[in-house]
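Read-outs throughout are calculated quantities, based only on the coordinates presented, and are distinct from any laboratory measurement. Worth saying up front: this structure is predicted, and the values here are computed from it rather than measured. Virtual Cβ from ideal backbone geometry, glycine too; neighbours counted across all protein chains shown.
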Amino acid sequence: MREKRGKTNVVGLVQKGSKRRWYFTRLGFLAVPKGGARGNRRNQRGTLFTQYYLLEAASIKSAFKKADLILSICENRDRGARLKGRPVDFMKIGIFDLEPLYQKLTDGVELFDESELKVTYGRAKRRVMVSR
């Protein structure tokens, strides 16, 4: 089925016919061992995972929406996430960077992944971009 001109593309969140630009983004997730103190989320220590993505979008706003959608999909709180064989809560932290690029690239490709041990949620959250 063809979309009418100007309608939002569900997959890419990009207006049809608009000029697209590439964005480089860093997303943060924290893997916290299950069974810890659930009440104080900011002081829980875990492994910080930073994932890098390339996004194609018509504007910085639509790129931010795409990055936020990836964060929501990747968060794994109660579905049996495991790290080194142990159950963990895989919590989204947020978007660390969102930079425009000007080269020809492929949409949605994760470039690489890095991790950092014993990071609190509060410390990782301070790296996140503000949504406004």
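Structure notes:
- Rg/Rg_ref, the range 47-103, where Rg_ref = 2.2 N^0.38 Å and atoms are Cα: 1.34
- Counting 0.36 nm for each residue step from residue 60 to residue 82 and taking away their Cα separation leaves a gain of 4.6 nm.
- A cut-off under 9 angstrom between Cβ atoms defines the neighbours of residue 94, and their net charge, with Lys, Arg +1 and Asp, Glu -1, is +2.
- Residue pairs, from the table 19/61; 66/125; 84/125; 92/118; 65/92, whose Cα atoms sit over 22 Å apart: 84/125
- Separation of the residue 123 and residue 99 label points, Cα + 7 Å toward Cβ, nm: 2.4 nm
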